[in-house]
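Read the figures in this text as sums done on the coordinates, not as results from a lab. Note that the coordinates shown come from a computational prediction; the quantities given were computed from them, not determined experimentally. Ideal geometry is used to build each Cβ from the backbone, glycine not excepted, and the neighbour counts take in all protein chains shown.
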Amino acid sequence: MTKIKTILVTGSTGQLGQSIKSLATDYPDCKFIFVDRQQLDLSEEISIAGFFENKTFDVIINCAAHTAVDKAESEAELADQINHLAVKQLADIAKQHHSKLIHISTDYVFNGQQYRPYIETDSVEPQGVYGKTKLSGEQAIQNTLKTNAIVIRTSWVYSEYGNNFVKTMLKLGQERDSLNVIFDQVGTPTYAKDLAKAIMSIVHSLSFNQTSFKTNIVHFSNEGVTSWYDFAKTIFEYTNLQCQVSPIETKDYPTPAMRPHYSILNKAKIKDTFNLTIPYWKDSLKQCLTALQDHA
């Protein structure tokens with residue numbers, strides 16, 4: 001008889017947390033415990049320690065983060081607590097309880113000045129508080145857990161849940177006749193449900209279920225490449241929204257935090273290691289838009 005795995009998912013009200021929750025019934029061999037900041041507040045060391053006092057889990061999937069990139073510039077201490085110090089605490093707890101840890105990180109650990117897709121071993125040089133704190137979280141895991149942890153870097157996450165680029169474009173496209181969207185930042189959108197499916201494939205993979213495995217960093221996004229401008233154009237094309245989109249440069253839309261100009265991730269490692277097939281970004285966008293229509 002298959003042993004039931006207990007899986008803790010933090011950040012349960014975020015895009016990825018909700019996407020994993022939507023898949024939970026597909027995994028009868030897993031007992032999921034979903035927590036948001038009401039039950040487990042990563043901004044409070046005491047809240048984290050208290051939550052795990054009488055609880056152990058086979059797997060901890062940490063989807064929680066301070067992801068407000070611009071706000072992080074003025075909330076550096078809070079961003080560091082959630083993205084770094086809390087992650088170190090989770091890694092310590094995972095080590096103590098012999099839990100396996102899956103942690104979500106970001107393309108923002110790179111400087112965005114490269115011209116070929118980033119591999120996991122490329123040098124890191126985050127340009128803002130968000131990227132720096134996420135990198136510190138990655139390093140805390142690697143220093144604490146030499147085995148049994150996987151860091152997944154991802155990019156441009158969107159879904160039918162929460163706030164994201166797709167939902168913002170749909171809202172603005174209905175309200176306005178024209179929009180300016182940045183064209184000189186290129187990357188790959190990631191549909192949170194595809195990332196959720198990849199995480200669950202990893203949880204069920206043979207290599208993950210060994211007694212122990214070497215801690216690893218992998219990259220995941222959908223396949224293909226686009227700019228924010230082309231992403232917006234495609235959203236409007238698929239939904240027949242009559243909104244004129246004009247391309248602008250990053251310098252024409254200043255923000256508190258610097259964005260990477262180039263954040264395409266090479267996914268060969270995660271595909272080879274876990275035998276994953278990753279969908280093309282436009283196909284996944286269609287799926288998300290259909291789900292949003294169903295929810296409407």
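Remarks
- Subtracting the Cα-Cα distance of LYS3 and THR273 from 0.36 nm times their residue separation leaves 94.8 nm of extension gain.
- 5 Å binning of all Cα-Cα separations within the range 51-194, expressed as whole percents from 0 upward: 2, 8, 16, 18, 19, 16, 10, 5, 3, 2, 1, 0
- Cα-based Rg of the range 206-264 normalised by 2.2 N^0.38 Å, two decimals: 1.81
- Pairwise Cα inverse-distance average, inverted: Kirkwood Rh of the chain (Å): 19.7
- Separation between Cα centres of the range 21-36 and the range 157-208, rounded to whole Å: 21
- Rounded to two decimals, the Cα-based Rg/Rh of the range 1-134, with Kirkwood Rh, is 1.00.
- Size descriptor, Kirkwood hydrodynamic radius, that averages inverse alpha-carbon separations across the range 234-287, Å: 15.0
- For the chain, share of DSSP beta bridges that run antiparallel, in % to the nearest 5: 10
- Placing a pseudo-label 7 Å from each Cα along the Cα-to-Cβ vector at ILE46 and ASP294 gives an inter-label distance of 4.4 nm.
- Relative packing of 140-147, 186-193, which averages over residues the other C-beta atoms within 10 Å, highest first: 186-193, 140-147
- Computed extension length for THR168-GLN287: 41.1 nm, one decimal, from 0.36 nm per residue of separation with the Cα-Cα distance subtracted.
- All-pairs alpha carbon distance profile, the range 159-209, 10 Å steps from 0, percent: 19, 33, 27, 14, 7, 1
- Placing a label point 7 Å from the Cα of LYS95 along the Cα-to-Cβ line, the residues of the range 143-164 whose backbone N sits under 14 Å from it are 143-149.
- Computed from the Cβ-Cβ distance with R0 of 22 Å, the FRET efficiency linking GLU120 to SER22 stands at 0.20.
- Coarse-grained scattering of the range 83-151 at q = 0.26, 0.29 Å⁻¹, given as base-10 log I(q)/I(0) from a Debye sum over alpha-carbon atoms: -1.10, -1.26
- Here the chain is treated with +1 on each Lys and Arg Cβ and -1 on each Asp and Glu Cβ, and its dipole about the Cα centre works out to around 800 debye.
- A dipole drawn for the chain from +1 and -1 charges on Cβ atoms has a positive end, and of VAL218, TYR191, TYR118 the residue lying farthest that way is VAL218.
- Protection proxy ranking of 197-203, 51-57, by the mean of other Cβ atoms within 10 Å over each peptide's residues and highest first, is 197-203, 51-57.
- Once the C-beta distance of ALA76 and GLU53 is scaled by a Förster radius of 41 Å, the resulting FRET efficiency is 0.85 to the nearest 0.05.
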